[in-house]
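Report on the following structure.
The values are calculated or read from the model by the stated rules, or taken from the named source; none is laboratory data. Given the structure is predicted, the values throughout are model-derived calculations rather than measurements. Neighbour counts run over all protein chains shown; Cβ positions are idealised from the backbone, glycine included. Surface accessibility is based on the protein's heavy atoms, side chains included, excluding ligands, DNA and RNA. Shrake-Rupley method; radii C 1.70, N 1.55, O 1.52, S 1.80 Å.
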Amino acid sequence: MRVTRPVFAYTKKILDFYSQFNPSPLSIKQFIDFGLNACEKKSYMFLRKELPVRLANIMKEIALLPQQLLRQSSVAMVSQWYHKSFEEIINYEKIEPSGDTLKRFVGDLKLIRDRHSDVVQTMALGILELKEAQHGEIEPSTEAAIQYFLDRLYMSRISIRMLINQHTMLFGNTHPDPGKHIGCIDPTCNPSAVVRDAYDTARFLCDQYYFGAPALEIEEHNDLEADQPVRIIYVPSHLYHMLFELFKNSMRAVMERYEQDEENIPPIKVTIVRAKEDICVKMSDRGGGIPRSQMDLLFKYMYSTAPQPQKHVDHQSNTVPLAGYGYGLPISRLYARYFHGDLCLMSCEGYGTDALIYLKTLSDEANELLPIFNSSSKRFYEPYVPVRDWSSSNSKSRPQIII
């Protein structure tokens, strides 16, 4: 459908208006407190203001991307999705929360969530299209701008999905586990159970490809309550996403290193520790480790050790493959950092790798980490000449700031 000039001008004016505001980060404790006394009208009033702010902030940055990337069809498609979702949300700007309105709002939120379900894959296709158009030669300044943008785009996407999922699960009759979860948050999340779920899924895939898989060993240490199992207040699906990605990487490394010695495949060891400040989940494998020269590359979106997937994929399908894009680790780190945790890798080349997930122990300290569009963020999209500096291990990249 062709957008008329007056409608486009009005949308741009509203977009400029909402992009002036900073997103309002919430803590896990705030999500929990609201969910325990959930009021659909209050949630509606908050989301009809907050969602346009978060959408507008990232949409402003999409417009700053290098022109050669914006011209790619997949990137243009992502941009169109965001504009359509923004227009649908601002339709509620002045509508009072009647029963019919609240019901329609839940339905529209589900449509927006489904529309954006393939943003990661479609944006990845856009990068492949750019590489193809540039014959694989992308300038360091362009690559740095893309890395910076994708961190912020995907962090924004995580936050928007979190808000939408909380509202639709609390008020949309799609609750996964009534009586236990508060929206998508589990107040008594069992990390060991999530570890086993992620391991079982990864092992199934590993068995199919390698006809075997490393065993799993789990150990828990509760430094705050001795002899008590570790429990956390967290979003199980986020933890699962991180663990599943790490298990895939570890299993692949172990099975390929021991392909000639299948009788002595070492297990993957997971240690879960609850302390005063952080809950740490450490995954240790003996897959041979990673050369130190490659460590910085593992969190770059343009780097992958797996075969590249097919570029031409049906955008209407929800089965677009993710393996091969090299997005697993950087996006898993964003999930960890979203509530002020982190994901780090420590490797001993020739032996194995330790992956550590840090989560905040206290729910009131687990605040959303959100990208903010302002004048300082603009400069990361401007062309620059990389300067060599002996104190920098990677002089071709700007610092990756995602706040």
Checklist entry - Got a sec? What order do K103, K12 fall in by accessible area at 1.4 Å, biggest, i.e. largest, first? => result K103, K12
Next on the checklist: List the pairs from K29/K378; K180/K269; K49/K110; K13/K60; K131/K248; K13/K49 whose alpha-carbon separation is above 23 Å, in the order I gave them.
Outcome noted: K29/K378; K180/K269; K131/K248
Next on the checklist: Pick from P52, P23, P266 the residue whose mean-square fluctuation is largest in a GNM of the chain, springs joining Cα atoms under 10 Å.
Outcome noted: P266
Checklist outcome for this item: In the chain, taking the dipole from +1 charges on Lys and Arg beta carbons and -1 charges on Asp and Glu beta carbons about the Cα centre, the listed residue (Q67, I185, T168) farthest towards the positive end is Q67
Item to check | Solvent-accessible area, 1.4 Å probe, carbon plus sulfur percent, for the chain | outcome: 51
Checklist entry - Peptides 182-189, 155-162, 112-119: what's the order by average Cβ count within 10 Å, highest mean first? => result 155-162, 182-189, 112-119
Checklist entry - Can you give the accessible area of D261, probe radius 1.4 Å, in Å² rounded to 10? => result 60
Checklist entry - So which helices of the chain fit the span-like rule, where a helix is a whole DSSP H run, its Cα atoms reach 30 Å or more along the axis, and its mean Kyte-Doolittle is at least -0.5? => result 40-62, 140-171, 236-257
Checklist entry - If you plug each phi of the stretch 353-360 into the Karplus form 6.51 cos²θ - 1.76 cosθ + 1.60 with θ = phi - 60°, what whole-Hz ³J(HN,Hα) values come out, in order, with x for Gly and Pro? => result 10, 10, 10, 10, 9, 9, 10, 5
Checklist entry - Using the Cα gyration tensor of the stretch 255-300, with a ≥ b ≥ c the square roots of its eigenvalues, what is the shape: rounded (a/c below 1.5), prolate (a/b larger than b/c) or oblate (neither)? => result oblate
Next on the checklist: If you count only protein heavy atoms and use a 1.4 Å probe, how large is the accessible surface of L369, to the nearest 10 Å²?
Outcome noted: 30
Item to check | Percent of Cα-Cα distances greater than 22 Å, calculated over the stretch 130-288 | outcome: 59
Checklist entry - Averaged per residue, what accessible area in Å² does the chain show with a 1.4 Å probe, protein chains only? => result 51
Checklist entry - If you take the square roots of the eigenvalues of the alpha-carbon gyration tensor of the chain and sort them as a ≥ b ≥ c, do you get rounded (a/c under 1.5), prolate (a/b over b/c) or oblate? => result oblate
